[in-house]
Amino acid sequence: MLLLVADLSLRLLPFPLARRVIAIGRSCQDTLSPEETAALIKRWRRLVNIAASHHLYPMQCLRRAIVLRWLLSRYGIRADVCIGIRKTDDGYHTHAWVEQAGRPISEPESHVREFLPLMQL
């Protein structure tokens, strides 16, 4: 359901308003131990990817990143959605991922390094 909300927000709302909808639920305090935080990140990342691959239609990286960040914020885990771009022989490609304390948590760091960061949500 959250993937659909993220998708519809991005499709139907002007970006400044969609950005505010996406930021709802953001928490400012980490209250979990590092082990608990790592376990929750791993669990939610896995579940979001499973849900995205079995949705009504494919949910790409931005929708997955938005939902993962929102779910983590419900547990007090601070994270940001990052959007980046890279140039290839056949044009430009964009990608979105989730970072915590400047480190990617939704993608391998080697994959994220290929993109020039444009913005954080």
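Exposure proxy for R113, R103: other Cβ atoms within 10 Å of each Cβ, ordered fewest to most, give R103, R113. With the chain treated as a Gaussian network of Cα nodes joined by springs under 10 Å, which of A23, A101, A51 yields the largest mean-square fluctuation? Result: A101 has the largest fluctuation of those listed. For the pair Q120 and Y75, label points projected 7 Å from Cα toward Cβ lie 2.0 nm apart. Note on the chain: with a GNM built from Cα contacts shorter than 10 Å, the maximum mean-square fluctuation among L62, L72, L13 falls on L13.
Read the figures in this text as sums done on the coordinates, not as results from a lab. The shown structure was predicted, so the numbers you read here are calculated from the model rather than taken from an experiment. Positions of Cβ are generated from backbone atoms using ideal geometry, with glycine treated the same way; all protein chains shown enter the neighbour counts.
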